[in-house]
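The values are calculated or read from the model by the stated rules, or taken from the named source; none is laboratory data. The structure displayed is predicted, hence computed values, not measured ones. Here the Cβ positions follow ideal geometry from the backbone for every residue, glycine too, while neighbour counts run over all protein chains shown.
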Amino acid sequence: MRVWLGLVFCLLVAIAIAACAGASWASPGDLWHALLGDPSMASRLLIEWRLPRVVAAALVGALLGLGGAIYQGVFRNPLAEPYLLGSAGGAAVGATIALLVPLALPQTLLLPVLAFVGAWGATMLVLGIARVAGAVDAAGLLLAGVAVAAILGALRSFLMLALSDETVSLQVVMSWVLGGIQTPTWHGIVLLLATALACLGLSLLFARQLDLLGLGETMATAFGVDTRRVVARAVLAGSAIVAAAVAFGGLVAFVGLAAPHIARWLVGPLHRPLLPASALVGAIVVTLADAIARAALPPAEIPLGLVTAVAGGPFFILLLARRLRT
C-alpha cells in the first residue's frame, strides 16, 4: 500500500511541478487560484492550455509504460520496448501517411487508425522475422526489432520527401518524429483518459497469461495456455496502446523500456500489480520530461523525444551491459 500511495503522491507532485513550469513559471499559489476559478488571463491560460497539456503528458506516459510492460512480458525480454521493437516506428509511418496524404476521412480519425495499423503490422513483422530465422530469444527479437525500426525510419523519411510540397508543411510531421505532446481540449483529455483506462483494463486480462509465458512456452502450454493466441492478442493490445500514445505524443523513446523496470523494482514481477505500476511510473517520467522540455530553454521548446532519449539511452546501455554479463 505504501508503494501505491507513494506512486500516486509522486504523480500528483509531478503534475503540480509541470503545471508551474514553462517559459514563464507560475507559483503554486497561482495554480491554486486558477483551480479555484480565478477569472484572470494568467489563470485561464493555466487551466485552458498548460494543465491540459500536463494531463495529456501523464496519460501518454501511462500508455507508454503500460505498452512497455506488455511487450516485455510477451517477448520474455527485459530489453523489449515499443521504440526498439518497431511498433512506435510503424505507428509513426501510419501517422505520417495520415498527415501528408489527402484522404477523404477526417484526420482526427485517420491518425489513430493508421497509427494502430502501423504499430500492429510492425510488431507482427518482427515476430515473423524472428520465427522464420529461428531466433526467438531475447537477442534475436532485439536484432529483428532494430532492423525493422531502421527500415521503417527510412520509409518514413522517404514519405516525408515524396509527399511534401508547398501546400503541406513538414513541421507537423517532425513534431511526431521528435516527440511532443499535443495540447488537447478537455474533451480530448476525456477521450484520452477513457482510452488509457480501457487499455489498462484490457491489459489486466492478460496478466496471468503473461506470468505463465514468463516460465517458457512449454510450461505455459502445460498450464493450459494457448501461447500463439495469447501472444497474438497481447501484441494486438500492445499495438493499440502504442498507437494511442503516438497519436497524442509522437515518438517518445525509452519510456516503455525504463518504466516497467522501475515498477518491477517496486512491486515485483507479477503482471497484475506490475501493469498499473508501470503506467504510474511512465506517467511520472513523461510529465517531468515534458516540464523540462518546456522550461529548459525558454522561450524555445526542446522536443520531448530528445529529453527522454538523453535520459533513457544510458539507462538502456546499463541494462544491456548487465544482461550480457549474466
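Of all residues being of a type in the set (Asp, Glu) and over 27 Å from the mean Cα position of the chain (by Cα) in region 24-54, which is farthest from Leu297 (Cα to Cα)? Just the residue, please.
Asp38
Does Ala309 satisfy the condition of being part of a helix (DSSP H, G or I), within 26 Å of Phe116 (Cα to Cα) and small (Gly, Ala, Ser)?
Judged against the criteria, Ala309 is a match.
Report those helices (runs of 4 or more DSSP H) wholly inside region 128-244 carrying at least 3 residues which are of a type in the set (Gly, Ala, Ser), modelled with pLDDT of 80 or more and under 17 Å from the mean Cα position of the chain (by Cα).
Result: 186-204.
Give me the pairs, please: first residue somewhere in region 256-277 and farther than 21 Å from Ser239 by Cβ and in contact (Cβ under 8 Å) with a residue 60 or more places away in the chain, second residue anywhere and of a type in the set (Ser, Thr, Tyr) and surrounded by fewer than 20 Cβ atoms within 10 Å (Cβ to Cβ), beta-carbon distance under 9 Å, and either six or more positions apart or on two chains.
Taking only residues 6 or more apart or on different chains, not a single pair turns up.
Among Val3, Val60, Val74, which is farther than 17 Å from Ser239 by Cα and hydrophobic (A, V, I, L, M, F, W, C)? Spell out how you get there, then give the answer.
Working: Val60 fails: farther than 17 Å from Ser239 by Cα; Val74 fails: farther than 17 Å from Ser239 by Cα.
Checking each option against the conditions leaves just Val3.
Looking at this structure, is Val285 under 18 Å from the mean Cα position of the chain (by Cα), surrounded by 22 or more Cβ atoms within 10 Å (Cβ to Cβ) and assigned to a helix (DSSP H, G or I)?
yes
Considering only region 48-88, state which residues are crowded, with 24+ Cβ neighbours inside 10 Å and β-branched (Val, Ile, Thr).
Correct list: Val54, Val60, Ile70, Val74.
Give me the helices (runs of 4 or more DSSP H) completely within region 3-116, filtered to those with at least 3 residues that are in contact with a Leu (Cβ under 6 Å, 6 or more places away or on another chain), ordered by residue number.
So the answer is 51-75, 87-100.
Just checking, which of Trp25, Trp4 is under 20 Å from Ser203 (Cα atoms) and surrounded by fewer than 19 Cβ atoms within 10 Å (Cβ to Cβ)?
Going through Trp25, Trp4 in turn, the sole match is Trp4.
Here are some residues: Val93, Val60. Which one is modelled with pLDDT of 80 or more, among the β-branched types (Val, Ile, Thr) and under 20 Å from Leu197 (Cα atoms)?
Details: Val93 fails: under 20 Å from Leu197 (Cα atoms).
Only one candidate passes the filter, namely Val60.
Of the residues Ala258, Ala293, Ala277, which is out of contact with any Ser or Thr (no Cβ under 8 Å at 6 or more places or on another chain) and farther than 15 Å from Gly312 by Cβ?
Residue meeting the stated conditions: Ala277.
Have a look at Gln72, Gln107 and point out the one that is modelled with pLDDT of 80 or more and either farther than 23 Å from Ala263 by Cβ or not charged (D, E, K, R) (or both).
The conditions single out Gln72.
Might you check whether a residue that is exposed (fewer than 15 other Cβ atoms within 10 Å of the Cβ) and aromatic (Phe, Trp, Tyr) occurs anywhere in region 248-269?
Among the residues of region 248-269, at least one is exposed (fewer than 15 other Cβ atoms within 10 Å of the Cβ) and aromatic (Phe, Trp, Tyr), which makes the answer yes.
On the phi > 0 side of the Ramachandran plot, of a type in the set (Gly, Ala, Ser) and over 25 Å from the mean Cα position of the chain (by Cα): does that describe Gly250?
Criteria not met by Gly250.
In this structure, is Ala263 in a helix (DSSP H, G or I), touching a Leu at 6+ places or on another chain (Cβ under 9 Å), at pLDDT 80 or above and closer than 28 Å to Ala95 by Cα?
no
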